[in-house]
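Notes follow the structure.
The values are calculated or read from the model by the stated rules, or taken from the named source; none is laboratory data. Since this is a predicted model, take the numbers as computed values, not measurements. Backbone-built Cβ (ideal geometry, glycine too); neighbour counts: all protein chains shown. Side chains included, ligands, DNA and RNA excluded: accessible areas come from the protein's heavy atoms. Shrake-Rupley method; radii C 1.70, N 1.55, O 1.52, S 1.80 Å.
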Amino acid sequence: MADTTGSEMKSGSFMLEKSAKIFVAGHRGLVGSAIVRKLQDQGFTNLVLQTHSELDLTSQSDVESFFATEKPVYVILAAAKVGGIHANNTYPADFIGVNLQIQTNVIHSAYKHGVKKLLFLGSSCIYPKFAPQPIPESALLTGPLEPTNEWYAIAKIAGIKMCQAYRLQHQWDAISGMPTNLYGQNDNFHPENSHVLPALMRRFHEAKANNADEVVVWGSGSPLREFLHVDDLADACVFLMDQYSGFEHVNVGSGVEVTIKELAELVKEVVGFKGKLVWDTTKPDGTPRKLMDNSKLASLGWTPKISLKDGLSQTYEWYLENVVQKKQ
Ligand SMILES: NC(=O)C1=CN([C@@H]2O[C@H](COP(=O)(O)OP(=O)(O)OC[C@H]3O[C@@H](n4cnc5c(N)ncnc54)[C@H](OP(=O)(O)O)[C@@H]3O)[C@@H](O)[C@H]2O)C=CC1
Ligand SMILES: C[C@H]1O[C@H](OP(=O)(O)OP(=O)(O)OC[C@H]2O[C@@H](n3cnc4c(=O)[nH]c(N)nc43)[C@H](O)[C@@H]2O)[C@@H](O)[C@@H](O)C1=O
């Protein structure tokens, strides 16, 4: 019988297989690109990378042919329909439909074509809106979800359950990591559809460049969020591929939370905007707090390294060089 507790099997073989073929799905996104950088830094030499236009992961037949032809040994699934509170609230059908399709196609074909191990990525929004804080992995499915992202959360919960079901029925090594709110290079800086951190970085930058007096920030400023730099997340993903083969999903966070007001003040300082903040309380706050309990990952031996202040400065430098300068 397969493991149902997560206590068994510390394989440790992933790091020894530097030439094994690894499919990183979503390699041009925030997370996928950080995972590719991390794997390359660690000496992995055989990465299979397909852009969205080369392989649409919502197409079952295309995904099936890709796995039949390429036969990757490992899969890290970082492709998904992703966005902030406004995008989640505005496009519920895409957030549930596209994500269910991508993950179902990839997980099933990976299993069918003999992939040795797969890492599925969910999100801290899988937990109930009023989960105990910090949120332990065991809080999954113990209460109603936050309405602004329940469609995305349902898809992500289905992904976790699919990995668990394939582990139970087929003894297949599919694991799930649940990252907290992420940020870093290659983030989405769209003014409405992005997450709060890149949205504010862009808005403060543009206000500074245009000598504006004020910047509008959504909601009340009181919600608390935990932020993790994407390079730390990538490091955790490689760690999990190597060190974890359990049934239960694993939280991946920084353990540090700030209010949205504190975050806005920090981003304002890093960007160097001197005007004032104006709060648009017609915009939703979303979940009041979602600090994850990271003790499971810490007990396995992984902790984050990049502070929010350093990560913000690094991300702003990247934004200036790669987004602002490229537009000029
Ligand atoms: N960003 C965050 O704060 C958090 C992210 N996560 C999880 O991390 C994972 C990656 O997210 P993130 O990197 O932020 O998202 P991004 O939007 O930055 O990247 C997603 C990637 O998936 C690709 N993709 C989307 N749809 C398809 C498709 N149909 N076929 C092929 N490729 C596709 C995108 O390509 P293209 O752009 O060309 O469509 C893009 O490269 C997701 O599972 C997400 O849930 C979890 C917690 C927080
Ligand atoms: C990672 C996680 O991300 C999403 O959840 P979220 O944490 O609520 O995401 P968010 O980053 O968009 O907002 C965080 C807070 O910030 C406030 N806020 C202020 N000003 C802006 C602003 O300008 N843009 C945005 N987006 N938010 C703003 C906003 O009102 C909210 O109170 C999920 O849908 C789901 O995708 C998911 O899993």
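Overview of results
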{"quantity": "Restricting the range 266-300 to residues that are among the acidic types (Asp, Glu) and touching a residue at least 40 places away in the same chain (Cβ under 8 Å), the residue that is farthest from VAL217 (Cα to Cα)", "calculated": "ASP293"}
{"quantity": "Total residues in the range 183-201, condition more than 12 Å from ILE85 (Cα to Cα) and open to solvent by 60 Å² or more (accessible area, probe 1.4 Å)", "calculated": "2"}
{"quantity": "GLN101 being open to solvent by 50 Å² or more (accessible area, probe 1.4 Å) and outside any helix (DSSP H, G or I)", "calculated": "no"}
{"quantity": "The range 13-43 - residue that is away from ligand 1 (no atom under 14 Å from the Cβ) and under 24 Å from LEU182 (Cα atoms) and, of those, most open to solvent (accessible area, probe 1.4 Å)", "calculated": "ASP41"}
{"quantity": "Residues within the range 50-75 that are more than 10 Å from ligand 1 (Cβ to nearest atom) and either aliphatic (A, V, I, L, M) or in a helix (DSSP H, G or I) (or both), tallied", "calculated": "11"}
{"quantity": "Strands (runs of 3 or more DSSP E) (entirely within the range 213-281) containing at least 1 residues that are crowded, with 20+ Cβ neighbours inside 10 Å", "calculated": "214-218, 224-229, 250-252, 257-259"}
{"quantity": "For TRP172: the one exception among (1) within 10 Å of ligand 2 (Cβ to nearest atom); (2) closer than 24 Å to VAL106 by Cβ", "calculated": "(1)"}
{"quantity": "Matching entry among ALA87, ALA79 (being touching a strand residue (DSSP E or B) at 6+ places or on another chain (Cβ under 9 Å), in contact (Cβ under 8 Å) with a residue 12 or more places away in the chain and surrounded by 18 or more Cβ atoms within 10 Å (Cβ to Cβ))", "calculated": "ALA79"}
{"quantity": "Selection count where residues are outside any loop (DSSP other than H, G, I, E, B), in contact with an Asp or Glu (Cβ under 9 Å, 6 or more places away or on another chain) and within 14 Å of ligand 1 (Cβ to nearest atom), scope the range 188-212", "calculated": "4"}
